[in-house]
Each structure stands twice: as structure tokens, then as C-alpha cells.
Amino acid sequence: MDEKDEDLGTFDPNIPEEGPSAPPPGWLDDVHGYQGHQGGEDDNPLYPPPPAYNPTPELDRNTLVPNVRVPTVSEDVARDALLKYVESKWKYSSKPARNLTFKELRPVTVYRYRLETYTETRTSSWQYESYTGQPVDGPQFGVSPPPWDIPVVLPERFTERVEKLRVPHSSFVKICHKCQGCGRTRCSNCLGKGQKRCFSCHGTGYRNRPGNHKNSGRTRCTFCHGRGRKRCISCQGQGYKTCSVCDGSQNLLHFILLTVTWENNVEEFIPDRQPDFPDKKFEKVTGDPFFVDENVLVYPIQGFPDQEICAVSTTMINQHLNNFSSTSRILQQRQTIELVPLTHAFYTYSGKEHSFFVYGTENKVHAAKYPTACTIL
Ligand SMILES: [Zn+2]
Ligand SMILES: [Zn+2]
Ligand SMILES: [Zn+2]
């Protein structure tokens with residue numbers, strides 16, 4: 001007998017099928033101030049922030065910076081730095097570094113401008129959990145406060161953090177949209193029948209023995225013991241599974257989750273003052289922050305000897321305002337001018353002229369060329 005799949009097992013049409021878990025559109029009620037973000041897993045950005053939190057910059061006000069001296073390194077410091085550098089390179093000998101004669105230590109003025117904009121962003125999304133009788137902070141306790149009115153504990157300035165919290169009074173309980181309150185969903189593997197056609201005998205219960213053996217011919221399928229079908233391993237033969245959305249609790253507690261993100265947006269600029277020195281190397285060293293200006297909003301630098309720094313300060317401040325004030329609340333800004341030490345050291349060794357750079361407060365060395373120690377005295 002060739003059984004059809006449809007005749008196998010039991011099938012309960014009242015049990016909903018397995019599948020995607022997001023609530024269908026319109027399933028949840030709108031909450032004032034949080035409209036338009038149902039169903040999706042995506043966070044809904046909540047902007048623009050209220051004007052009260054968005055101070056207007058007085059762009060005609062400017063920041064004056066004191067003048068600074070250019071740092072120099074001594075011959076001893078330059079030689080020690082070079083020796084350390086040479087020791088880190090296995091193919092270099094320390095002999096030239098020990099015996100070279102300095103001709104000139106030429107300091108180069110290098111400023112690094114840094115703008116930090118510390119922002120707070122708020123987004124929200126509907127979330128749910130299975131409801132098992134836990135307390136429900138619903139609208140009967142009051143109206144949900146607008147997103148930017150929910151109090152949060154601020155982290156230390158310029159430190160990055162993410163905090164997630166439930167919007168007060170946004171919770172409610174509803175029957176599970178997935179299983180319609182059954183607590184279980186139909187198994188998609190066996191379509192609710194609890195068993196599947198045996199793949200070994202294609203449901204016939206018999207298989208043909210190969211060859212010309214005297215016992216050849218039809219034989220009972222050993223895989224299904226002649227039944228032609230096998231218990232569904234996905235649902236253990238039940239035809240249904242515990243609903244994965246409500247974990248069988250039949251009801252869901254929905255709530256709005258507010259995500260508050262604090263970010264420090266850092267941008268740096270170094271004018272190229274020394275073409276022979278690769279500017280990327282500056283990224284790994286520190287300088288002397290001789291000017292630090294911190295405020296809710298900072299103002300462009302003016303009257304500083306390096307015009308490029310003044311110009312970049314104006315541009316960056318405007319860009320940060322445009323980029324961040326429409327989507328976030330700017331909590332604090334900080335602009336820094338660092339003097340990054342850079343010395344071009346010229347020397348002679350074995351009658352030949354060479355040079356190297358000492359840079360950063362760490363006194364790192366960059367030497368494009370270094371004398372090979374082939375001179376035998
Ligand atoms: Zn199944
Ligand atoms: Zn079989
Ligand atoms: Zn469910």
C-alpha cells in the first residue's frame with residue numbers, strides 16, 4: 001500500500017505554524033512620543049533633540065591661544081634615541097650611532113589639532129518577553145515620558161557607554177501573536193503530522209534486494225521496520241513544538257526599550273610641515289597638549305601663529321555641529337592643540353652625511369637610511 005503523506009499522523013489546523021517571530025504590523029498600540037516603530041527589530045532614532053539641549057554657538061566669538069616655545073632635543077637625547085632604535089633592528093650596528101658626529105639638530109614645529117565632540121543619542125524599539133506573571137508597568141501608572149525626558153545617570157565626560165532601559169509605563173500584556181495563545185506551533189518539518197515518510201524505502205515499507213540471490217526480491221525495510229514512516233525527529237513525534245516566541249507561556253509582555261549611547265567623536269589634523277617625514281608616524285606618539293579648551297560648544301581658534309590650525313578648527317567645529325546636532329545631543333566639546341616634538345638630526349659618519357628624525361614625547365626615531373657598519377678601523 002502506497003500511503004500518501006497527507007494520511008500520516010494527526011494534523012491540528014488550530015495550531016499556528018512556525019516562522020518569523022516579529023509581531024504583525026498594527027499588533028501593538030502606539031505610545032505617544034514613540035510612534036512609528038513597530039514590528040521591526042531596528043532601533044528607531046529619536047531626534048531631533050529638544051532645542052533646549054542644543055545651545056547655539058556664537059560663531060563670532062573666538063578662542064585665543066597662548067604662544068609656545070618649540071621643543072628641542074639635546075645631542076645626548078638624540079644619540080640615545082638612535083641607539084635604542086638601532087638595537088631594535090637586528091641588521092643595524094650600533095657602532096655608527098655611538099661614533100657619529102652631530103652637525104645640526106633642527107627642531108621642526110609640528111602642531112596637532114584635535115576636536116572631540118561628546119554626544120548622547122537615544123533610540124527606541126519595541127521588545128517583548130514571555131509573560132509569566134511578572135509586574136507590568138503599564139499606562140495605568142501614568143503617561144510614558146518623552147524619550148529625552150527619561151532620566152539617566154551620565155557617565156564620566158568623554159567616556160563611551162551604552163545603556164538600555166524600559167520606558168516607564170510602556171508595558172502591556174497581550175496574547176502571543178505567534179501561537180495565538182496556544183503556547184505551541186505546528187512543526188514545519190513534518191507539517192504537524194508527527195511522522196515523516198521513510199526516505200529509505202520511500203514510504204513503501206519494502207526494499208528490493210539486489211542480485212540473483214535466492215532471497216532476492218522484496219524485503220521489509222529495516223530502517224522503518226516496514227512501517228513506511230519514521231517519527232519526526234524535529235518534534236519528537238508530537239507534530240507541534242513549544243512556541244519559541246512566548247516559550248509556551250501563551251502571553252507576551254511588550255515594552256519600549258530605550259537605548260542611550262554616549263560617544264566621543266574624535267578628529268585630528270596635523271599640517272604637513274616636513275615632507276621627508278611620514279605624517280602617519282605621528283599617530284603613534286603623544287605630544288605636549290599646551291592648549292586645552294573645553295565647553296558645551298567650543299569656538300574656532302583665532303590668532304594662533306599657525307593659520308592652518310585656525311582654519312581647520314573653524315571647519316571641524318562647523319562640521320561636527322552639522323553632523324551631530326541634528327541626530328544627537330552634544331553634551332561637551334574639547335579642542336586640543338598639541339606640540340608634537342620633531343627634530344631633524346644631521347650627522348656625519350665615516351666622512352658621509354646622514355640624517356634621522358626624533359619625534360614624539362617618547363623620542364621615537366625614524367631613519368630612512370642608516371650607515372652600514374662595514375668600516376673597519
Ligand atoms: Zn515534526
Ligand atoms: Zn522504510
Ligand atoms: Zn507563543
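Bear in mind these aren't lab numbers, they're just calculated from the coordinates by the rules spelled out. Computed from a prediction, not measured in an experiment: that's the story for all the values here. All Cβ positions, even for glycine, are placed from backbone atoms using ideal geometry, and neighbour counts span all protein chains on display.
Structure notes:
- Under 5 Å between amide hydrogens, built in the peptide plane, is the criterion, and for ARG184 it picks out CYS243 among residues at least 5 positions away or on other chains.
- 5 angstrom amide H check on TRP27, placed H, neighbours 5+ away: none
- Förster-model FRET efficiency, 30 Å R0, ASN99 and GLU308, C-beta, rounded to 0.05: 0.15
- Listed values for the range 234-240 are Karplus-derived 3J(HN,Hα) couplings in whole Hz (6.51 cos²θ - 1.76 cosθ + 1.60, θ = phi - 60°), namely 6, 10, 6, x, 7, x, 9, and x replaces Gly and Pro.
- Separation between Cα centres of the range 252-296 and the range 196-210, rounded to whole Å: 68
- Placing a pseudo-label 7 Å from each Cα along the Cα-to-Cβ vector at LEU165 and HIS366 gives an inter-label distance of 4.7 nm.
- Amide proton proximity set for LYS103, modelled H, under 5 Å, gap of 5+: PHE346, TYR347, THR348
- Inter-site label distance for ASP76 and ALA22 at 7 Å from Cα along Cβ, in nm: 6.9
- Evaluated with a Cβ-only charge set (Lys, Arg +1; Asp, Glu -1), the range 202-349 carries a dipole of roughly 3320 debye about its Cα centre, given to the nearest 20.
- Along the range 324-340 the Karplus relation, 6.51 cos²θ - 1.76 cosθ + 1.60 evaluated at θ = phi - 60°, assigns HN-Hα couplings of 9, 6, 7, 10, 9, 9, 7, 8, 6, 10, 9, 10, 10, 10, 10, 9, 9 Hz to successive residues, with x for each Gly and Pro.
- Label-to-label distance, nm, for residues given as ARG231 and GLN140 (7 Å Cα→Cβ offset): 4.5
- Net lengthening on full extension, ILE150/LYS91 (0.36 nm per residue, minus Cα-Cα): 15.0 nm
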